[in-house]
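The values are calculated or read from the model by the stated rules, or taken from the named source; none is laboratory data. These numbers were taken from a predicted model, which means no experiment stands behind them. Cβ sites come from the backbone with ideal geometry, for glycine too, and all protein chains shown count toward neighbours. Ligands, DNA and RNA are excluded from the accessible area calculation, which covers all protein heavy atoms including side chains. Shrake-Rupley method; radii C 1.70, N 1.55, O 1.52, S 1.80 Å.
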Amino acid sequence: MRKLFGISSVDEIPSQFVLQQYDNPLSKKLNEVINEIRSQRCNYLRLKLCRKGDPSGALFFSYIVEDKSPGGLSYVEFLVHVLRQIQSKMT
């Protein structure tokens, strides 16, 4: 956590957190990934860290949508497919 966010525990996460780049490979890579995503979009939301159990985390999960890839299975369809394969091998 210190290498990525400059803090030693989740209790130190401030309410207004700003991602900074520290002089280590892990921090540089995280910043590169985020900057690449941002460069591909005209709009993007701020990065927000939230602790486990934080109400803002529940809000985040409510916005997650599973995308089905063209010609592929959704995650649930994939799990059903794997379950059927296991069941067929068990019988």
* Considering only DSSP states other than H, G, I, E and B, which trypsin sites (Lys or Arg not before Pro) in the stretch 49-90 qualify as loop sites with at most 13 other Cβ atoms within 10 Å? -> R51, K52, K68
* Structure fact -> Here the convex hull volume per residue of the chain, taken over Cα atoms and given in Å³, is 198
* Asked: Projected onto the charge dipole of the chain (+1 at Lys/Arg Cβ, -1 at Asp/Glu Cβ, origin at the Cα centre), which of T91, L30, M1 gives the Cα projection farthest towards the positive end?
  -> T91
* To do: Would you mind calculating the relative contact order of the chain from Cα pairs under 8 angstrom and at least 6 residues apart, reporting the percent as a whole number?
  => 17
* Asked: How much of the accessible area of the stretch 21-91, probe 1.4 Å, is carbon plus sulfur, in whole percent?
  -> 60
* Structure fact -> Mean accessible area per residue over the chain (1.4 angstrom probe, all protein chains present, square angstrom) is 90
* **GluC sites (Glu not before Pro) within the chain: DSSP coil, no more than 13 neighbouring Cβ in 10 Å** => E66
